Amino acid sequence: MPPTVLVVEDDEILRSLTGDAISLLGVCVVGCASADDALPMLEGSSSIVLVMTDISMPGSMDGLELAQVIWLRWPSLPVIVTSGNRSLPDGLLPSHAMFLRKPWSLDALHQAVKAYLPA
């Protein structure tokens, strides 16, 4: 079974487009509309190798809070954090995480995702 990337994005069109773009790299993509939906998905799947999350989302936690939960519970799981209206200071994210500013290009997305996929 190919590795799985979890895309957490509340905008349905953007979630679908992001998933389609990432699937071009030969991985499975699972989408969630909120951080609240993402946690049960992570708990139920051992094939997820990367999480890409938007920062601004509805629900009980935003994408940054989701990332912090992931780093506590699954410390080796890489996370790509993305936003079009927020930026993150250098040094805020652990070494196996990155910030990707929206709007990103397909090439920038592919480079970011490939950096975290198993060889």
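The values are calculated or read from the model by the stated rules, or taken from the named source; none is laboratory data. No experiment lies behind these values; they were computed from the predicted model shown. Note: ideal-geometry Cβ built from the backbone for every residue, glycine included; neighbour counts use all protein chains shown. Quick note on the areas: whole protein, heavy atoms, side chains included, nothing else; ligands and nucleic acids left out. Shrake-Rupley method; radii C 1.70, N 1.55, O 1.52, S 1.80 Å.
Take the residues in region 23-34 that are over 21 Å from Met57 (Cα atoms) and outside any strand (DSSP E or B); name whichever of them is least open to solvent (accessible area, probe 1.4 Å).
Val27
Could you identify the single residue in Asp37, Asp10, Asp20 that is assigned to a loop (DSSP other than H, G, I, E, B), modelled with pLDDT of 95 or more, on the phi < 0 side of the Ramachandran plot and not basic (Lys, Arg)?
Checking each option against the conditions leaves just Asp10.
Which of (1) in contact (Cβ under 8 Å) with a residue 24 or more places away in the chain; (2) open to solvent by less than 40 Å² (accessible area, probe 1.4 Å); (3) not hydroxyl-bearing (Ser, Thr, Tyr) does Gly19 not meet, given it meets every other one?
(1)
For Val81, work out the one condition from (1) modelled with pLDDT of 95 or more; (2) under 18 Å from Val27 (Cβ atoms) it doesn't fulfil.
Every listed condition holds for Val81 apart from (2).
What tally of residues in region 70-81 results from selecting those that are open to solvent by 10 Å² or more (accessible area, probe 1.4 Å) and outside any loop (DSSP other than H, G, I, E, B)?
Looking only at that region, the number is 3.
Looking at Ala67 and the list (1) under 11 Å from the mean Cα position of the chain (by Cα); (2) of a type outside the set (Lys, Arg); (3) open to solvent by 80 Å² or more (accessible area, probe 1.4 Å), which single condition is not satisfied?
Ala67 satisfies all of (1) under 11 Å from the mean Cα position of the chain (by Cα); (2) of a type outside the set (Lys, Arg); (3) open to solvent by 80 Å² or more (accessible area, probe 1.4 Å) except (3).
So the check is Cβ under 8 Å with 6+ separation or different chains; which pairs have a first residue in region 55-83 that's free of Cβ contacts under 8 Å to residues at least 40 places away in the same chain and over 19 Å from His110 (Cα atoms) and a second one that's surrounded by fewer than 18 Cβ atoms within 10 Å (Cβ to Cβ) and of a type in the set (Ser, Thr, Tyr)?
Asp62/Ser56
Look at region 104-119 and say how many of its residues are over 14 Å from the mean Cα position of the chain (by Cα) and either among the basic types (Lys, Arg) or closer than 10 Å to Leu25 by Cβ (or both).
0
Looking at Ala119, is it more than 27 Å from Ile13 (Cβ to Cβ) and either open to solvent by 90 Å² or more (accessible area, probe 1.4 Å) or out of contact with any His (no Cβ under 6 Å at 6 or more places or on another chain) (or both)?
yes
Return the residues of region 1-16 that are farther than 18 Å from Leu106 by Cα, open to solvent by less than 50 Å² (accessible area, probe 1.4 Å) and either within 13 Å of the chain's Cα centre (by Cα) or among the aliphatic types (A, V, I, L, M) (or both); say none if nothing qualifies.
Passing the criteria: only Thr4.
Please work out which residue is nearest to Trp71 (Cα to Cα), limiting yourself to region 90-109 and to residues that are in a strand (DSSP E or B) and open to solvent by 40 Å² or more (accessible area, probe 1.4 Å).
Met98
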